[in-house]
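A single structure is presented below for examination.
Every number here is computed from the coordinates shown, using simple stated rules; none is lab data. All values reported here derive from a predicted model rather than from experimental measurement. A quick note on method: Cβ atoms are made from the backbone with ideal geometry, for glycine too, and the neighbour counts reach across all protein chains shown.
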There are 2 protein chains.
Amino acid sequence: MTIGDELLLGFTVDTNAAHLARELAEIGVAIVRRSTVGDSASDIAKAVREALDRSDGVITTGGLGPTSDDMTKPSIAELFGREMVRDEAILQSLHERWARMRRKGPIPESNFAQAMIPEGAVIIPNGHGSAPGIWLEDERGRWVAMLPGVPREMRAMVSEQLIPRLSSRMSADGEQVAGNGPPPVIMSRTLRTTGIAESALADLLGDLGRSIDGMSPAFLPAVEGVDVRLTSRDLPKAEAIARLDRAFVKLREAIGRYVYAEGSTDLASVVLDLCRVAGIRIAVAESCTGGLLGARITAIPGSSDVFVGGVVAYDNSVKTEMLGVTRETLETSGAVSEPVAVAMARGVRARLSADVGISITGIAGPDGGTEEKPVGTVWIALDGKLSAVLGVRLFGDRSEIRARSAQAALDLLRRQLQSG
Amino acid sequence: MTIGDELLLGFTVDTNAAHLARELAEIGVAIVRRSTVGDSASDIAKAVREALDRSDGVITTGGLGPTSDDMTKPSIAELFGREMVRDEAILQSLHERWARMRRKGPIPESNFAQAMIPEGAVIIPNGHGSAPGIWLEDERGRWVAMLPGVPREMRAMVSEQLIPRLSSRMSADGEQVAGNGPPPVIMSRTLRTTGIAESALADLLGDLGRSIDGMSPAFLPAVEGVDVRLTSRDLPKAEAIARLDRAFVKLREAIGRYVYAEGSTDLASVVLDLCRVAGIRIAVAESCTGGLLGARITAIPGSSDVFVGGVVAYDNSVKTEMLGVTRETLETSGAVSEPVAVAMARGVRARLSADVGISITGIAGPDGGTEEKPVGTVWIALDGKLSAVLGVRLFGDRSEIRARSAQAALDLLRRQLQSG
C-alpha cells in the first residue's frame, strides 16, 4: 500500500509499488492487491484493515516523515490498539544524524515525531534517511511493515532488511509443515518480438498462446513490438527455471524470426553485437526520424566501434548535397520512395566510408499524407555489404511512427545479419 | 482501478492511474482509493464490489484486449448480474478497421471477443485502437467505466468521452442541491525551468519557495530541468484560476531567465517558435548525443520550416570529412573541446546552408573520461547569425548526460534568440 495525497492525486507516478512487487516475487511472496490511499488517518486505517483481512501481511510506503500530513504510524497503531511511545534509540540517532550533517541550531520540533513508535513495534533501521521503518505484528501473526516513501531509502531497506526478514519467516513457516520442500517462487521471463501485431502473434501461437506447460503467456504490446511473458507461480526456484527453459524453447520455435531478444535487451544492442561479430561498420541517413535511429544506436555504451555516424537529411537539399540523391530521382519518385531510400543508403555508406548504409524516409504526420502515400508510409534501405529494401505502412501518431520506423530499420538489419 | 498481472507483479510501472487522477482532479472529482488487481476474474469482481461500496463510481483500465487474460468485461458483467451479448456496431467497426489497415486474410477469431459486451452497457468509442470502452450502470446509479490499458488509447478516451460524461453528470447532480455555489476544484499549474538545480532554485525563491498566496510550490526535478508546480485545492474554478494567475506573475519574476515554458511544453517547441519569428533556419552537428538533438527538434510537427538537417559526427573521420574540422584541431585540442565544438557548428552551418549551426561534443560515459576531462564534460557551440560557446560539466548516467546535453544546447539557442 502506497500512501500520500501526491500519489492519489496523480502528481507523482508511483514507482515504489512496482519495485516492491518485483523484489517480493523473487522470494515467492504473492501479491494479491495493491492500493493507494491519501494522507488521511481514517482512510489509511480502513485500507490496512481490509488488506489484513485478505492476506498475511501488509507493506506500506510513505507517510513516515516529520510533516503533519504523515499519518501512517498513529493510524495503524490505533488499528492495532497500541499506544504511541517515544523510542530513545531513534531519538539518539536523530541527534547523531543532525551532528553529522553539521546543521546549525536545534533540531526542529517536527523531527521528534519520528521518534514516536507504536508500543511493541520493531524498528527497521534506515541507513539513508532520518525516518526509520516500523514492523508491527498482532497476536495472530499478522503484520504491517511501514517503510518511508522516498524511493532510495525504501529500496535499500527492502533489500537489506525486509527481504531477509520475510525470507527467514517463510522458511520457518515451511519447517512447521512436515515434509515441505523449498517454497514456491514467482518467476517470469520475457521474449521480445517485433514486426508482428499482438493478434497475429496470438494466431501464430495457436494453443500455445493460451497455455504452455501450465503457464498462460501475457502479450505486452509496445511501440517496439510485442513482448511475450511467461510466469511460473507455483514451483520452487530450480523447477520454475527448468519449466521456463522448456517453455521458451517451444515459444522461440513457434514465433521464429520475429524474436529478437529475451528480457529487456534493446534491439539496437542485438544489432551492434551482430555487426561486431560480422566485422561490419554502419552509417545512417535519416529523414522523418530526424536522428532517432542514430540516437537509439548511440544510447548503447561502446557503440563507437560499429557506428561511424550519419546524416539527418530533413530538407531535400541535404539529400542532394550531402548524400548525392539526384534532383531527378526526388522529382520523379518523391522524397518518400524506394529509389530515394536506396540512394540515401548508398550515399551515406560511400561518404562516411562505412560497410553498410541504412536509410529511412517516410511520412510521420500529422500532415503531409496523400491518398497515394498516406501518413505512416515509410521506406527503409540497406546498401553495401548487406543490401535490402522495405516499404511499410506504420500506424500510430507522429512519435509512434518515428519510433516504429527506427525499430523497423534496426530489425531489417538484424534479419539480414542473421540470414547472412 | 488498474488491472493486469504485469502491474501487480511490478513488470510495468502504472502511469495510467496518475494520468486519470490528474484529469479527474481538474473537474473536481475526488478520488478516495486507487487499486491494482491481477488478471483474475474473481479478484477483479471482488475489488470492484468493494470500491462501489465506498464511492459513486469506479474507473478501470486494462483487461479489455483480445487475449485470454483479459477478464474485465465478463467479471464485472457477472457482478452486475448481466449476460454478455454480441454488439453488432463493434463488430462492424472491427471489420472497417481491419479493411482500413489493409490487413490480409480474415480477422483473427480472438478479436471477436472485443464485440462481446455486458447487456445494457453503453459503448465508449475508442478512436485509437480496436478495444472499445464500456460504461455500465446499476439501478441505483452506481457505475463502472471500463477503459483499455494502452495509455494512448485510454488518454484519448478520458479527454474525449469520460470527462465530458462525468462533467455533465456532476452539473446535473449539482442542480438538485439547492443553494450550492460552484464546487471547489483541484487545479494545478506548472512553470518549467532549466539550467538551475533544485536547491539553487529554492534559494532564489526564498520565502516564495515555501508559500505563494497560500499555496506551497512543489519542486519536480527531471532530466530536462526543474518544474515548479502550484496547486489550488479549496476554491471554485474561476477563483482558482485567478489565484494561480497572480502567483505565476510572482514566480516568473523571481525565477527570471531560467523559465522557458508553462505546462508540458517542450523546450524544442519554444526554440522552433523563436526561430520562426526571427526567420532563422538551423542545422545540428552532434557527437556524443548521436542524433538526439535532431530527434528532439523533429519530434515537433512542422519543424521542417526551421530545421534543415544535421550531421552525426560520431567517428572523428566524420568530423573532418563532413564538417571540415581539421586533423590539427582534433589532435591539439581533442575531440571534446571548445575549438572542435566551434568548428563543428561552423562546418554544419556552411555545408547545410543554414543560418545557425549548433554543435555538441562531449563525454557521455560510462568510459572515456580522464582526470582533465571527466565523464560529463560537454562543449556546445552556435555559429552563424547567432554565435555562442558553452562548456559544462553535466552529471548523471550516460542517458542523462546525453539528454541534458541536448537540453543545454536548445537552451543556449533560446537565450541567444531571446536576448537578440
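With the label 7 angstrom out along Cα to Cβ, how close does B:Glu262 come to the same site in each of the other copies, in nm, nearest first?
When each copy's label point is compared with this one, the spacings are 5.3 nm.
Still on this structure: Count charges around A:Met322 for me, please; just the other residues with Cβ under 9 Å from its Cβ, Lys/Arg as +1, Asp/Glu as -1.
Taking every other residue near A:Met322 into account, the sum is +2.
Calculate the mean, over all residues of peptide A:202-208, of how many other protein chain Cβ atoms lie within 10 angstrom of the residue's Cβ.
Per residue, the number of nearby Cβ atoms from other chains is 2 on average.
OK, next. Treat each spin label as a single point 7 Å out from the Cα along the C-beta direction, and report the A:Met84 to B:Gln92 distance in nm.
Spacing of the two 7 Å Cα→Cβ label points: 6.2 nm.
Straight-line reach from B:Lys237: which lysines have Cα under 21 Å away, leaving out those fewer than 8 places along the same chain?
B:Lys250
Could you tell me which of A:His19, A:Asn316, A:Ile401 has its Cα farthest along the dipole of chain A towards the positive end, charges placed at Cβ (Lys, Arg +1; Asp, Glu -1), taken about the Cα centre?
After comparing all options, I get A:Asn316.
In a shell of Cβ-Cβ distance under 15 Å around A:Val306, excluding A:Val306 itself, what net charge do Lys and Arg (+1) and Asp and Glu (-1) give? Don't skip to the answer; put the middle values down first.
Working: positive: A:Arg276, A:Arg281, A:Arg296, A:Arg349, A:Lys385, A:Arg414; negative: A:Asp266, A:Asp273, A:Asp305, A:Asp355, B:Asp315.
Local charge sum for A:Val306: +1.
Now for a different question. Helix-only estimate, please: 222 nm mean residue ellipticity of chain A, summing -39500 (n - 2.57) across DSSP H runs of length 4 or more and dividing by its residues, to the nearest 500.
Value at 222 nm, helices only: -12000 deg cm²/dmol.
Here's something else I'd like to know. Can you check what the net charge comes to around A:Gly81, using other residues whose Cβ is under 15 Å from the Cβ of A:Gly81 (Lys, Arg +1; Asp, Glu -1)?
Around A:Gly81, the charge tally is -1.
I've got another one for you. Give me a single rounded figure for A:317-326: the average over its residues of other chain Cβ atoms within 10 Å of their Cβ.
Working: counts 4, 9, 1, 0, 4, 7, 1, 0, 0, 0.
Across the residues of A:317-326, the mean count of other-chain Cβ atoms within 10 Å is 3.
Can you work out ³J(HN,Hα) from phi for every residue in segment A:29-46, in order, using Karplus 6.51 cos²θ - 1.76 cosθ + 1.60 and θ = phi - 60°, giving whole Hz and x for Gly and Pro?
Per residue, the Karplus-derived 3J(HN,Hα) values read 7, 8, 9, 9, 7, 10, 9, 10, 10, x, 7, 10, 4, 6, 5, 5, 4, 5 Hz.
Next question. Nm distances between the label at B:Leu91 and the same-position labels in the remaining copies, 7 Å along Cα→Cβ, shortest first?
7.5
Let me ask something else about it. Straight-line reach only, C-alpha to C-alpha below 30 angstrom: list the lysines that B:Lys319 could link to, leaving out same-chain residues fewer than 8 apart.
A:Lys319, A:Lys385, B:Lys373, B:Lys385
Now for a different question. Extension gain A:Val392-A:Glu371, at 0.36 nm per residue separation less the Cα-Cα distance, in nm?
Roughly 6.0 nm would be gained on extension.
Running a GNM on chain B with Cα contacts under 10 Å, which residue among B:Ile124, B:Ile186, B:Ile360 ends up with the highest mean-square fluctuation?
For chain B, modelled as a Gaussian network with Cα springs under 10 Å, the answer is B:Ile124.
With both bridge residues required to lie in chain A, what share of the DSSP beta bridges run antiparallel, to the nearest 5%?
Details: 41 of 59 bridges.
In chain A, approximately 70 percent of DSSP beta bridges are antiparallel ones.
Something else now. To test your reading of the geometry: what angle, between 0 and 90 degrees and rounded to tens, separates the Cα axis of helix A:267-278 from the longest principal axis of chain A?
Approximately 60 degrees, to the nearest ten.
Please rank B:Ile163, A:Ile280, fewest neighbouring Cβ atoms within 10 Å first, as an exposure proxy. Present the calculation step by step, with values, prior to reporting the outcome.
Details: B:Ile163 16, A:Ile280 20.
By the 10 Å Cβ count, ascending: B:Ile163, A:Ile280.
In addition: Report, for B:Arg54, each distance to the same residue's label point in the other copies, shortest first and in nm; define the point 7 Å along Cα→Cβ.
1.1
Using 0.36 nm times the number of residues separating A:Ala222 and A:Arg276, minus their current alpha carbon distance, what extension gain do you get?
Once the chain is fully extended between A:Ala222 and A:Arg276, it gains 16.7 nm.
Among A:Asp245, A:Asp273, which comes first, then next, by fewest other beta-carbon atoms within 10 Å?
A:Asp245, A:Asp273
Rank the residues A:Ser353, A:Ser40, A:Ser303 as a footprinting-exposure proxy: fewest other Cβ atoms within 10 Å of their Cβ go first. Mind dumping the intermediate values first?
Numbers: A:Ser353 13, A:Ser40 18, A:Ser303 21.
Arranged by neighbour count, lowest to highest, A:Ser353, A:Ser40, A:Ser303 become A:Ser353, A:Ser40, A:Ser303.
Can you say what percent of the DSSP beta bridges in the protein assembly as shown, counting only those with both residues inside, are antiparallel? Round to 5.
70
How high is the FRET efficiency between A:Asp234 and B:Arg246 when r is their beta carbon distance and R₀ equals 45 Å, given to the nearest 0.05?
It comes out at approximately 0.15.
I would also like to ask the following. What FRET efficiency would be calculated for the residue pair A:Ala156, A:Arg100, taking the C-beta separation as r and a Förster radius of 25 Å, to the nearest 0.05?
E(calc), rounded to 0.05, equals 0.90.
Same structure, new question: Mind putting a number on the dipole of segment A:267-419 about its Cα centre? Charges go on the C-beta only, +1 for Lys and Arg and -1 for Asp and Glu, and I need it in Debye to the nearest 20.
Values: 16 positive and 16 negative charges, 91 e Å.
It works out to roughly 440 debye.
Could you give the size of the charge dipole of the protein assembly as shown about its Cα centre, using +1 on the Cβ of each K and R and -1 on the Cβ of each D and E, expressed in debye and rounded to the nearest 20?
1780
Right, here's the next one. Which value, in debye to the nearest 20, describes the size of the charge dipole of segment B:1-108 about its Cα centre when Lys and Arg Cβ atoms bear +1, Asp and Glu Cβ atoms bear -1, and nothing else is charged?
My answer is approximately 400 debye.
Using only Cα atoms and rounding to the nearest 10 degrees, what angle (0 to 90) does helix B:398-419 make with the longest principal axis of chain B?
Rounded to the nearest ten degrees, it is 70.
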